[in-house]
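Colleague: Sharing a structure here in structure tokens format.
What follows is calculated from the coordinates using simple rules that are stated; it is not laboratory data. Treat the numbers as computed from the prediction; the structure is a model and nothing was measured. Heads up, the Cβs are rebuilt from the backbone with ideal geometry, glycines too, and the neighbour counts pull from every protein chain shown.
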Amino acid sequence: MRRASPMDMPDSARAWLMAAAAFVVGFVVFGTLYSFGVVFAPMETEFHAARATTSALFSITGFAFYMLGPLAGNLGDRLGPGVMAGLGAVIMGGSLALTGFISHLWIGYITYGIGVGVGAACAYVPTLAI
């Protein structure tokens, strides 16, 4: 008689819930990251900045997101994807809120560029393990 392997077992409801949560995290993170085009022109106008200077916000965000991926993945393995997704949500939300109060574009490089990039890496990368 053949012994049942884990591959023969049906998926649990918890497994599907985790897959759905990972999808929602990815949806929110990439929706936030790639909606920068919506705020690009208003920020360019508000700060009387050149297009290259304003687009540096998104460049810094992408750089932080992709460069911190390995660190966020390692921390996700140690702390768990739930903790990291929660931490990333707090960092990303706080960074977006702080960006609403900036008075100089260079401050946005920190609040939006680095803050949203770090938050996105913390929230999204560990959920890939799910």
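Colleague: May I ask you to derive the FRET efficiency for F30 and H104 from their Cβ-Cβ distance with R0 = 30 Å, giving the value to the nearest 0.05?
Modeller: With R0 = 30 Å, the Cβ-Cβ based efficiency is 0.60.
Colleague: Given the Cα-Cα distance of F40 and L17 and 0.36 nm per residue of separation, how much length would full extension add, in nm?
Modeller: 4.7 nm
Colleague: Taking the structure as given and computing log10 I(q)/I(0) by the Debye sum over Cα atoms at q = 0.09, 0.14, 0.20 Å⁻¹, which label from (1) -0.37, -0.84, -1.29; (2) -0.33, -0.64, -1.05; (3) -0.29, -0.65, -1.13 fits?
Modeller: (2)
Colleague: Taking R0 as 22 Å, what FRET efficiency do you get between A97 and H48 from their Cβ-Cβ distance, rounded to the nearest 0.05?
Modeller: The computed FRET efficiency comes out at 0.40.
Colleague: Who wins for biggest fluctuation among S12, S103, S55 in a Gaussian network model of the chain, springs between alpha carbons below 10 Å?
Modeller: S12
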